[in-house]
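Remarks on the structure that follows.
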Amino acid sequence: MTKQHQADAVKALERLVKHPSYLATAAPGAPFGVGVRAALDEMMALCDELGFKTYTDPDGNYGYAEVGEGDDIFGILGHVDVVPAGDAADWATDPYQAVIKDGVIHGRGVQDDKGPSVAALFAVKALMDAGVTFKERVRFIFGTDEENLWRGIAVYTEKEAQITHGIAPDSEFPVTYAEKGLQQAYLIGPGTSDFSLDLDQPFNAVPAKAAYDGPKLAEVTQALDDFGFAYETTDTGIVVTGKAIHAMLAPEGTNAVLRLAMALDKVFPDGPLSLIGQCVKEDATGANLLGDISDEASGHLTINLSGIKVTPEETRIQLDMRVPVTVNHKALLTQLQEAVGKYGLRYEDFDYLAPLYVPRDSALVETLMGVYQDVTGDQTPPQVSGGATYARTMHQCVAFGAMLPGVPDYMHQVDEQWELAKMYEAMTIYAEAVARIVGNVE
């Protein structure tokens with residue numbers, strides 16, 4: 001790995017960050033919006049420039065780039081879409097202009113997942129430039145809808161060859177050998193004319209803000225004060241404030257939507273938000289609603305109620321659950337439906353991703369762990385995650401990096417950033433992993 005490869009990787013990341021590639025209205029050849037398609041095209045242009053063989057789905061669902069020959073494929077799975085930046089005024093820098101300050105690169109996607117994808121890409125480029133050849137095809141697969149419904153990668157799996165084994169650089173080091181199941185749904189019930197809400201938030205992020213400018217504003221403000229919840233006043237109302245974090249780490253965040261809902265339920269009792277005000281409250285483990293649900297393999301269930309819409313006709317609450325790998329999914333949904341039914345709500349399925357599990361003693365996990373330990377000297381054991389990566393869509397695939405232990409998590413958050421020294425270390429790890437797994441040994 002040379003300094004030139006590192007510098008080129010940074011320049012490539014700057015090119016990708018400039019595209020606001022979050023889900024938007026579909027257009028011809030751009031099923032998830034023109035910004036996502038532009039980011040995909042940029043990534044494929046980069047791969048062309050680096051000497052990879054490339055293919056872009058003409059409908060804009062995915063692209064891939066590969067080097068090497070053979071029937072077997074070592075896959076490296078990334079995605080070019082991001083979550084929206086939110087209010088740009090909250091950022092210290094323009095979220096769609098990569099800015100380097102004090103050895104740290106800032107911008108939406110630098111941690112999730114444009115930065116890690118670029119790190120892996122240039123790690124393989126460094127091997128190519130060093131004359132390393134590969135006994136299998138090394139294929140980078142780039143999805144376009146990872147932050148939402150995974151529709152792009154679903155088209156890939158329908159149309160293209162399955163990988164033999166692989167990694168997804170979209171999590172943390174060392175190896176994530178198991179990922180919890182991901183259930184997203186709506187809880188739907190009667191509406192009300194007492195107040196309205198339109199808090200549209202991503203399923204997979206704990207919301208840091210929740211605005212209200214409706215009836216009984218003084219009473220709602222007093223309720224927030226009584227709870228000790230932080231908020232800001234605006235020209236027309238208030239904004240409840242919390243701490244954003246990825247939904248897989250929901251207990252570590254502060255959910256502003258839940259806090260506002262608790263205050264509203266206190267002011268408008270026995271209304272559509274009684275599930276939150278009387279039962280869930282700020283609990284992000286599901287214990288208040290469902291009891292203690294956990295297993296030894298992957299820990300506790302987590303829940304994130306991230307968005308609420310209340311109209312005179314209907315109440316709609318967004319639910320994101322990260323389900324332990326051994327929990328019976330069907331039985332859990334039955335229990336959930338019964339629990340929310342007591343508060344006049346019904347369950348409506350939105351999306352489900354089955355859990356991932358690759359044994360810790362598999363050749364893939366043991367090799368990746370050996371690489372990580374040899375490069376870093378760190379003895380952190382392989383881990384389980386509440387996150388959902390593309391690894392679960394493929395055979396014998398695990399999440400591997402790119403965040404090193406101790407790196408602050410800025411995924412899905414304001415001022416997303418990544419220390420360049422850590423990015424370069426991840427590149428070294430990826431280069432050694434690919435060389436050890438599929439490099440030809442003289």
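The values are calculated or read from the model by the stated rules, or taken from the named source; none is laboratory data. From a predicted model like this one, the values you see are computed outputs, not experimental measurements. Every residue, glycine among them, receives a Cβ derived from its backbone with ideal geometry; neighbour counts consider all protein chains shown. Keep in mind that these areas ignore ligands, DNA and RNA; they rest on the heavy atoms of the full protein, side chains included. Shrake-Rupley method; radii C 1.70, N 1.55, O 1.52, S 1.80 Å.
Within the stretch 195-205, is there a residue that is at pLDDT 95 or above, among the small types (G, A, S) and within 24 Å of the chain's Cα centre (by Cα)?
Within the stretch 195-205, not a single residue is at pLDDT 95 or above, among the small types (G, A, S) and within 24 Å of the chain's Cα centre (by Cα).
Please work out if Y177 is among the aromatic types (F, W, Y) and touching a residue at least 60 places away in the same chain (Cβ under 8 Å).
It is true that Y177 is among the aromatic types (F, W, Y) and touching a residue at least 60 places away in the same chain (Cβ under 8 Å).
Any idea which residue in the stretch 31-46 is farthest from the chain's Cα centre (by Cα), counting only those that are of a type in the set (G, A, S) and within 18 Å of V83 (Cβ to Cβ)?
Per the stated criteria, the residue is A38.
Looking at the stretch 63-82, which of the residues that are buried (at least 24 other Cβ atoms within 10 Å of the Cβ) and in a loop (DSSP other than H, G, I, E, B) is nearest to the chain's Cα centre (by Cα)?
Restricting to residues being buried (at least 24 other Cβ atoms within 10 Å of the Cβ) and in a loop (DSSP other than H, G, I, E, B), the top hit is V82.
Kindly list, by first and then second residue, each pair from a residue in the stretch 1-24 that is closer than 17 Å to G143 by Cα and touching a residue at least 40 places away in the same chain (Cβ under 8 Å) to a residue that is open to solvent by less than 30 Å² (accessible area, probe 1.4 Å) and among the basic types (K, R), limited to pairs with Cβ atoms under 8 Å and residues at least 6 apart or on different chains.
Within 8 Å, the pairs are L13/K114; L16/K114; V17/R108; V17/K114; P20/R108.
Output the residues belonging to the stretch 291-317 that are open to solvent by less than 20 Å² (accessible area, probe 1.4 Å) and over 25 Å from the mean Cα position of the chain (by Cα).
The answer is V310, T315.
Which one is nearest to Y55 (Cα to Cα) among residues in the stretch 200-212 that are of a type outside the set (K, R) and not in a loop (DSSP other than H, G, I, E, B)?
Residue satisfying both the conditions and the ranking: A205.
Report, by residue number, each residue of the stretch 216-244 that is in contact with a Phe, Trp or Tyr (Cβ under 8 Å, 6 or more places away or on another chain) and open to solvent by less than 20 Å² (accessible area, probe 1.4 Å).
V220, L224, G237, I238, V240
Within the stretch 241-263, count every residue that is of a type outside the set (A, V, I, L, M), closer than 18 Å to M321 by Cα and assigned to a helix (DSSP H, G or I).
2
Here's the yes/no breakdown for (1) more than 29 Å from P408 (Cα to Cα); (2) at pLDDT 95 or above:
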position: F227; (1), (2): yes, yes
position: T233; (1), (2): yes, yes
position: A244; (1), (2): no, no
position: V257; (1), (2): no, yes
position: L273; (1), (2): yes, yes
position: Q278; (1), (2): yes, yes
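Checking D57 against (1) over 18 Å from the mean Cα position of the chain (by Cα); (2) open to solvent by less than 70 Å² (accessible area, probe 1.4 Å); (3) acidic (D, E); (4) closer than 18 Å to L121 by Cα: exactly one of these is not met. Which one?
Exception for D57: condition (4).
Which condition from (1) open to solvent by less than 10 Å² (accessible area, probe 1.4 Å); (2) within 20 Å of K11 (Cα to Cα) is the one that D145 breaks?
Only one criterion in (1) open to solvent by less than 10 Å² (accessible area, probe 1.4 Å); (2) within 20 Å of K11 (Cα to Cα) is unmet by D145, namely (2).
Which ones in the stretch 320-331 are surrounded by fewer than 22 Cβ atoms within 10 Å (Cβ to Cβ) and either touching a residue at least 40 places away in the same chain (Cβ under 8 Å) or within 22 Å of N204 (Cβ to Cβ) (or both)?
Hits for the stretch 320-331 are V325, V327, H329.
Just checking: which of the strands (runs of 3 or more DSSP E) contained wholly in the stretch 84-199 hold 3 or more residues that are under 26 Å from M423 (Cβ atoms) and not aromatic (F, W, Y)?
99-101, 104-106, 137-143, 165-168, 175-179
Would you check if D213 is surrounded by fewer than 17 Cβ atoms within 10 Å (Cβ to Cβ) and farther than 20 Å from G86 by Cβ?
No, not satisfied.
Right, G406: closer than 26 Å to S294 by Cα, of a type in the set (G, A, S) and over 15 Å from the mean Cα position of the chain (by Cα) or not?
yes
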